[in-house]
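First up is the structure itself, then whatever we jot down about it.
The values are calculated or read from the model by the stated rules, or taken from the named source; none is laboratory data. Computed from a prediction, not measured in an experiment: that's the story for all the values here. Cβ coordinates were reconstructed from backbone atoms using ideal geometry, including for glycine residues, and neighbour counts include every protein chain displayed.
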Amino acid sequence: MMVQEVVAVRNLKKSFKGFQAVKDVSFTVNKNDVFGFLGPNGAGKSTSLRCMLSLIKEDSGEISLFGKSMRSNRGEVLSKIGSIIEKPDFYKYLSAYKNLELLARISGTSVSKSAINDILEFVGLEGRENHRFRTFSHGMKQRLGIAQALMHNPELIILDEPTTGLDPQGIVDIRNLILRLSKEQGKTVILSSHQLSEIEMIANRLVIINKGKTLIEGSVNELLNTSQMVVRFQLDDSQRGIKLLQSDFNIEAKLNASEQELELEIAKIRIADVAECFVKNGLRIYSIEQKRKLEDYFIKMIQDV
């Protein structure tokens, strides 16, 4: 099946009063991607998204959405996008339903009463439609923000740090909602975050940026399956384990601070061989921990800049 490109950003640059917030950001997003836009705070994520949505004007670079230039097709392109770039805010004394109804009217979006209720149900606010916004928890406010972004049935959803400040259950709720947007409604989702473990669980593709520059872009699986892994073995005799690694594999390992685990860097395909060697030599393995997750890879990438 041919991949359909929804977003293409090329060599994006943006400065504010001499400070270059975005120096060189490039990435592509394909149809039905849940795309992770990763970077530490201050990396240039929000500025890049604002340029994409034509909220601010880029200094240079190319932004194409749905195969069309944002500069020359702004209205048409924006009609296909729903977004939350800042903390969602509504009229605090109006109910969830009345807020959506009023905002639809202001934006010129024609939405029926049943459609509004369907959207509220989809985001998990069924039974809360008549409750005032000021009574909502932070997580409920985020869900109402996503509901507003869905009002005109967009093809692309852009969410800037949607789980920031949420409790663990709220994070799970938003994560599940994003997955449903992709799987049940066929939406393409761009999700910016510095919470790497969340992106690891939800995104199929991602770009990592830091200091205003793209570092790497690819599939999550490709980045997780890098050839070298940092692995920890907890053994009943770590000193013997170190000697076996040196004699049989010519691998240098180190003990952690408690001297209960040994840590080594090894090709992923050799982890099973090492474990088999330990067992054959009478060592008992209590645990094996793969340390190189997306977060470890991300930290290594930004430290190397």
With the condition kept exactly as written, say whether any residue in the stretch 65-74 is within 20 Å of the chain's Cα centre (by Cα) and either among the polar types (S, T, N, Q) or in the same structural domain as Thr214 (by TED's automatic domain parsing) (or both).
yes
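Okay, residues lined up against (1) more than 17 Å from Val123 (Cβ to Cβ); (2) in contact with a Gly (Cβ under 8 Å, 6 or more places away or on another chain); (3) loosely packed, with under 15 Cβ neighbours inside 10 Å; (4) not charged (D, E, K, R):
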| residue | (1), (2), (3), (4) |
| --- | --- |
| Val172 | no, no, no, yes |
| Ala203 | yes, yes, no, yes |
| Val207 | yes, yes, no, yes |
| Gln234 | yes, no, no, yes |
| Ile242 | yes, no, no, yes |
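Results for (1) acidic (Asp, Glu); (2) loosely packed, with under 15 Cβ neighbours inside 10 Å; (3) not in a strand (DSSP E or B), shown as yes or no for each residue.
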{"residue": "Ser46", "(1), (2), (3)": "no, no, yes"}
{"residue": "Ser54", "(1), (2), (3)": "no, no, yes"}
{"residue": "Lys57", "(1), (2), (3)": "no, yes, yes"}
{"residue": "Ser64", "(1), (2), (3)": "no, no, no"}
{"residue": "Ser72", "(1), (2), (3)": "no, yes, yes"}
{"residue": "Glu76", "(1), (2), (3)": "yes, yes, yes"}
{"residue": "Ser83", "(1), (2), (3)": "no, no, no"}
Condition first: under 20 Å from Ser79 (Cα atoms), crowded, with 16+ Cβ neighbours inside 10 Å and touching a residue at least 40 places away in the same chain (Cβ under 8 Å). Now tell me which residues in the stretch 101-135 satisfy that.
Leu103, Ala104, Val111
I want to confirm something. Restricting to the stretch 85-124 and keeping residues that are in a loop (DSSP other than H, G, I, E, B) and in contact with a Phe, Trp or Tyr (Cβ under 7 Å, 6 or more places away or on another chain), which single residue is farthest from Ile190 (Cα to Cα)?
Leu94
Scan the stretch 218-237 and tell me whether some residue there is within 15 Å of the chain's Cα centre (by Cα) and of a type in the set (Val, Ile, Thr).
yes
Of residues in the stretch 197-241 being in contact with an Asp or Glu (Cβ under 6 Å, 6 or more places away or on another chain) and among the aliphatic types (A, V, I, L, M), the one modelled with the highest pLDDT
Val207
Report the residue count in the stretch 48-81 for those that are within 19 Å of Asp33 (Cα to Cα), modelled with pLDDT of 95 or more and small (Gly, Ala, Ser).
2
Given the conditions (1) more than 11 Å from Phe37 (Cα to Cα); (2) outside any loop (DSSP other than H, G, I, E, B); (3) touching a residue at least 24 places away in the same chain (Cβ under 8 Å), and given that Thr163 satisfies all but one, which numbered condition is not satisfied?
(2)
For the stretch 18-42, pairs from a residue that is under 19 Å from Gly61 (Cβ atoms) to a residue that is of a type in the set (S, T, N, Q) and crowded, with 17+ Cβ neighbours inside 10 Å, with Cβ under 6 Å and 6 or more apart or across chains, are Ala21/Thr47; Val22/Thr47; Val22/Ser48; Val25/Ser48; Val25/Thr214; Ser26/Thr214; Phe37/Ser192; Gly39/Asn210
